[in-house]
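This report refers to the structure that appears directly beneath it.
The values are calculated or read from the model by the stated rules, or taken from the named source; none is laboratory data. Because the structure is predicted, anything quoted here is derived from the model rather than measured. In this analysis, Cβ positions are derived from the backbone assuming ideal geometry, glycine residues included, and neighbour counts consider all displayed protein chains. The area values use the complete protein model at the heavy-atom level, side chains included, leaving out ligands, DNA and RNA. Shrake-Rupley method; radii C 1.70, N 1.55, O 1.52, S 1.80 Å.
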Amino acid sequence: MNVTVNGESREVPDGCSLEDLLRTLDLPRDQVAVERNLEIVPKQHYQACRLETGDQLEIVTLVGGGSVDSPEAPSDSDLDEPLRLGDHVFHSRLFVGTGKYATFAQMKTCLEASQTECVTVAVRRVNLRDRGSESLLDYIDRDRCLILPNTAGCYSAEDAVRYARLSREVLGTNLVKLEVLADERTLLPDPLATLRAAELLVEEGFTVLCYTSDDPVMARRLEGAGVASVMPAGSPIGSGQGVLNPNNIRIILEEAKVPVICDAGVGTASDVAIAMELGCAGVLLNTGIAHAQDPIRMAHAMRHACEAGRLAYLAGRIPKKLYATASSPTEGHISGIKPQ
């Protein structure tokens, strides 16, 4: 006798049960649903359900969107390559500051939670009055984290160069994060003094990671001066406003031949993800963790956001469209009433 299965005519033996049909089609009963003449047949009735000539059968299963053939899942080592800054290699792209924490112990726990491999420190005078006070360096695991001295608080090229030389003497490293600020209220970088300091430090053999504004022209000049990384601010230091001008960051990323690290203004995990999805090589932050209501949880969040944003950038987002595009396949759709 003849029945119709999923729109196709098929010959089956007289007295054939629905269970027999599924067995013939090599379809597992627990993975399908069957509709006979527009009535759903419960699974427990498959054996008792005898097919008749002219029956209309729809046999469906569940599918996901996209292609049936999926590429082999990449290993962790295939997902990304390490970040290289001068002679230094980093697997974590999250750089974390060491200031503003309630205690050194809290800072230590947050650094561990963030899984950062590079922490920034400032150069300040030794406290001669209280020699029993704790040292920041005692709370940094130097086997896991590279210490990146910065010239925070400098308002002239001369002071920044002086601080960089002192930090090199303390740590024995040529790596330095250069900051030359214009004023105490905005903490915006002084472009002319920053460029001058960068030129001097590069000439002296420093590997310079340079804090700057989100001005693409300034970024180009700093790269021309030989810095190892351009570090445009997402927004003013400590403001928590996130990436205010993604278009400028995009332009910098298009033109730069050195790694671009978003520095300053990050307030929460989504800000980090946005910066990384733009294509930044990394994010440097401090206040977003240290002044969070729960710094340790925020440190975990920032780590995951950095990793997720980076992977999303490498994966390539889908284009934005005005109208919908079905994610489920249209093939195998059972007939029915369509919207007008």
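Can you compute the charge dipole magnitude of the stretch 1-61 about its Cα centre, using +1 on each Lys and Arg Cβ and -1 on each Asp and Glu Cβ, nothing else charged? Give it in debye, rounded to the nearest 20.
For the stretch 1-61, the charge dipole is close to 140 debye.
Hey, any idea what % of the stretch 137-212's accessible area is carbon plus sulfur with a 1.4 Å probe?
47 percent
Whole-Hz ³J(HN,Hα) for each residue in the stretch 215-228, computed from phi via Karplus 6.51 cos²θ - 1.76 cosθ + 1.60 with θ = phi - 60°, x for glycine and proline: what do you get?
7, x, 5, 5, 4, 5, 5, 5, 5, x, 6, x, 5, 7
Normalised by the number of residues in the stretch 196-250, what is the relative contact order in percent for Cα pairs under 8 Å and 6+ residues apart?
32 percent.
If the chain were replaced by its equivalent ellipsoid, with semi-axes equal to the square roots of 5 times the Cα gyration tensor eigenvalues, what would those be, largest first, whole Å? Before the final figure, lay out each step's value.
Values: eigenvalues 781, 96, 55 Å².
Over the Cα atoms of the chain, the semi-axes work out to 63, 22, 17 Å.
Which one of TYR211, HIS45, ASN248 is farthest out on the positive end of the charge dipole of the chain, using unit charges on Cβ (Lys, Arg +1; Asp, Glu -1) and the Cα centre as origin?
Highest projection toward the positive end goes to TYR211.
Cβ under 10 Å from LEU285's Cβ, LEU285 left aside: what net charge do those residues give with Lys, Arg +1 and Asp, Glu -1?
Residues near LEU285 contribute -2 overall.
With every protein chain kept in place and ligands, DNA and RNA left out, what is the accessible area per residue of the chain? Probe 1.4 Å, answer in Å².
Per-residue value: 58 Å².
Of HIS91, GLY15, VAL123, which is farthest towards the positive pole of the chain's charge dipole, taken about the Cα centre with +1 and -1 on the beta-carbons of Lys, Arg and Asp, Glu respectively?
VAL123
Quick one: if the Förster radius is 45 Å, what FRET efficiency do ARG144 and ARG317 give, using the C-beta to C-beta distance and rounding to 0.05?
The formula returns an efficiency of 0.85 here.
Would you mind working out the magnitude of the charge dipole of the stretch 183-340 relative to its Cα centre, with +1 at each Lys and Arg C-beta and -1 at each Asp and Glu C-beta, to the nearest 20 Debye?
760 debye
For the stretch 322-329, what does the Karplus curve 6.51 cos²θ - 1.76 cosθ + 1.60, with θ = phi - 60°, yield as ³J(HN,Hα) per residue in whole Hz, taken in order and with x for Gly and Pro?
So the Karplus estimates, Gly and Pro as x, are 6, 10, 6, 10, 4, 8, 8, x Hz.
Ranked by accessible surface with a 1.4 Å probe, highest first, in what order do THR186, THR325 come?
THR325, THR186
Using only DSSP helix segments of four residues or longer, with each worth -39500 (n - 2.57), what per-residue ellipticity at 222 nm results for the chain after dividing by its residue count and rounding to 500?
Working: 10 runs with 105 residues, N = 340.
Calculated mean residue ellipticity at 222 nm is -9000 deg cm²/dmol.
With every protein chain left in place and a probe of 1.4 Å, what is the accessible surface of HIS291, to the nearest 10 Å²?
Around 120 Å² of this residue is reachable by solvent.
What is the distance in Å between the Cα centroid of the stretch 77-117 and that of the stretch 18-51?
58 Å
Determine ³J(HN,Hα), in whole Hz, for all residues of the stretch 260-268 in sequence, where each value follows from phi through the Karplus function 6.51 cos²θ - 1.76 cosθ + 1.60 and θ = phi - 60°; x replaces Gly and Pro.
So the J values, rounded to whole Hz, are 10, 10, 6, 10, 5, x, 5, x, 7.
For SER92, list long-range residues whose amide hydrogen, built 1.01 Å from N in the peptide plane, is under 5 Å from its own amide hydrogen.
Close amide H contacts, sequence-distant or interchain: GLU117.
How high is the relative contact order of the stretch 198-318, in percent, with contacts defined as C-alpha pairs under 8 Å that are six or more residues apart?
Dividing the mean separation by the residue count of the stretch 198-318 yields 20 percent.
Subtracting the Cα-Cα distance from 0.36 nm times the residue separation, let me have the gained length for THR325 to GLU112 in nm, one decimal.
Once the chain is fully extended between THR325 and GLU112, it gains 72.4 nm.
Mind listing the long-range amide H neighbours of LEU284? Cut-off is under 5 Å, sequence gap 5 or more, other chains count too, H placed in the peptide plane at 1.01 Å from N.
PHE95, CYS262, ASP263, ALA264
Would you please give the residues with an amide H less than 5 Å from that of CYS154, counting only those at least 5 places away or on a separate chain, with H modeled from the backbone geometry?
Those lying under 5 Å, H to H, from CYS154 are LEU181.
Please list MET1, MET302 in order of solvent-accessible area, largest first, computed with a 1.4 Å probe with all protein chains present.
The ranking, largest first, comes out as MET1, MET302.
Can you tell me, using C-alpha contacts under 8 Å and at least 6 residues apart, the relative contact order of the chain as a whole percent?
Once normalised by length, the contact order is 14 percent.
Within the stretch 271-318, what whole-number % of the accessible surface is contributed by carbon and sulfur, with the 1.4 Å probe and all protein chains included in the calculation? Intermediate values should be presented prior to the final figure.
Details: 1270 of 2220 Å².
Its accessible area is 57 percent carbon and sulfur atoms.
Taking the Cα centre of the chain as the origin, how large is its charge dipole in debye, to the nearest 20, when only Lys and Arg (+1) and Asp and Glu (-1) carry charge on their Cβ atoms?
Computed about the Cα centre, the dipole is about 1260 debye.
Let me check something: with ligands and nucleic acids excluded, how do LEU137, LEU244, LEU201 order by accessible area (1.4 Å probe), largest to smallest?
LEU244, LEU137, LEU201
Please compute the net charge surrounding MET107, taking Lys and Arg as +1 and Asp and Glu as -1 over other residues with Cβ under 12 Å from its Cβ.
-2
Count the net charge of all other residues whose Cβ sits under 11 Å from the Cβ of ASN150, scoring Lys and Arg as +1 and Asp and Glu as -1.
Charge balance in the 11 Å sphere: -1.
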